[in-house]
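Participant: Structure in structure tokens, see below.
The values are calculated or read from the model by the stated rules, or taken from the named source; none is laboratory data. Just so it is clear, the structure is predicted and the values come from calculations on it, not from any experiment. Every residue, glycine as well, gets a Cβ built from its backbone with ideal geometry; the counts of neighbours run over all protein chains shown. The protein model used for the area step is the full one, side chains on, heavy atoms only, and it has no ligands, DNA or RNA in it. Shrake-Rupley method; radii C 1.70, N 1.55, O 1.52, S 1.80 Å.
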Amino acid sequence: MANSGCEVHRFDPSIKSAHIQEGRHLWYHRLSIDWRDPNPAIAAHKLHSNTKKLGTILNEFGHQKIDVLKADVESAEWKILENLILEDVVEQIGQLVFEVHIHWPGFEVSGNDSTVVRYWYSLLRELELKDFRLFHTYKDLSKPQMFLKKEAFNASSCYTLSWVNTRWK
């Protein structure tokens, strides 16, 4: 995408420098997207670990919209998606591509199986109510066949879901 002239920002908490520009349109940032901003007292002690809400990052970078957001946030996707919906950040996104993990509920998601599934469904339903339409799914068959810690035939513990915002301008 960067080679085609698109401005691309990649967030990777493992890189050594805070910000690296590679080429005219590609930046790497030592950040992780999270569903909460860090407590300043705790963040001061973690020099090489930085997590922020996407809305905070957009404000800090002076960006108003994201054409395509592709995220693999290692089982934090449900809470991050909830934050994007609650803070209306999702409306600033044209296409949303999320890798979802369903082998366990995810960070700070609890309850019995039906409660967890209802929570996941409520987030997916909110996307639909905000005029996002699912246009592609990918089932990663290289991952274990698990659903909420139980084996599940012909399933995967990891799916990539892609939506388009039909209100996008």
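Participant: Roughly speaking, what is the stretch gain from Ser14 to Leu141, that is 0.36 nm per residue apart minus the C-alpha to C-alpha distance, in nm to one decimal?
Facilitator: Fully extending the segment from Ser14 to Leu141 adds 43.0 nm.
Participant: Which percent of the accessible heavy-atom area of the range 1-136 goes to carbon and sulfur, probe 1.4 angstrom?
Facilitator: Roughly 52 percent of what the probe reaches on the range 1-136 is carbon or sulfur.
Participant: Same structure again: Here are a few candidate values for P(r) over Cα pairs in 10 Å bins from 0, in percent: (1) 9, 34, 36, 18, 2; (2) 10, 37, 38, 13, 2, 0; (3) 10, 42, 37, 10, 1. Which one was actually calculated from the structure I just gave you?
Facilitator: The value matching this structure is (1).
Participant: Which helices count as membrane-span-like in the chain under these terms: full DSSP H, at least 20 Å along the axis by C-alpha, Kyte-Doolittle mean of -0.5 or more?
Facilitator: Answer set is 113-129.
Participant: With springs connecting C-alpha atoms under 10 Å apart, model the chain as a Gaussian network and identify which of Arg118, Arg30, Arg133 has the largest mean-square fluctuation.
Facilitator: Top of the fluctuation ranking is Arg118.
Participant: With springs connecting C-alpha atoms under 10 Å apart, model the chain as a Gaussian network and identify which of Lys150, Lys130, Lys70 has the largest mean-square fluctuation.
Facilitator: Taking springs between Cα atoms under 10 Å, the residue moving most is Lys150.
Participant: Once each part is reduced to its C-alpha centroid, what is the distance from the range 49-111 to the range 112-169 in angstrom?
Facilitator: 14
Participant: Suppose every K and R has +1 on its Cβ and every D and E has -1 on its Cβ; what is the size of the dipole of the chain about the Cα centre, in Debye to the nearest 20?
Facilitator: Computed about the Cα centre, the dipole is about 120 debye.
Participant: Do you know the relative contact order of the chain, to the nearest whole percent, from alpha carbon pairs under 8 angstrom that are 6+ apart?
Facilitator: After rounding, I find 17 percent.
Participant: Under the rule a/c < 1.5 gives rounded, and otherwise a/b versus b/c splits prolate from oblate, where does the range 104-169 land using the Cα gyration tensor?
Facilitator: oblate
Participant: May I pose another question? Can you flag which of Lys79/Lys169; Lys70/Lys130; Lys53/Lys79; Lys52/Lys79 are past 20 Å Cα-Cα?
Facilitator: Over 20 Å Cα-Cα: Lys79/Lys169.
Participant: List the chymotrypsin sites (Phe, Trp or Tyr not before Pro) within the range 75-169 that DSSP assigns to loop and that have no more than 16 neighbouring Cβ atoms inside 10 Å.
Facilitator: Passing sites in the range 75-169 are Phe107, Phe153, Trp168.
Participant: Follow-up. Sorted by accessible area (1.4 Å probe), largest first, how do Met146, Met1 line up?
Facilitator: Met1, Met146
Participant: Something else about it: Keeping every protein chain present and rolling a 1.4 Å probe, give me the accessible area per residue for the chain in Å².
Facilitator: Dividing the accessible area of the chain by its residue count gives 61 Å².
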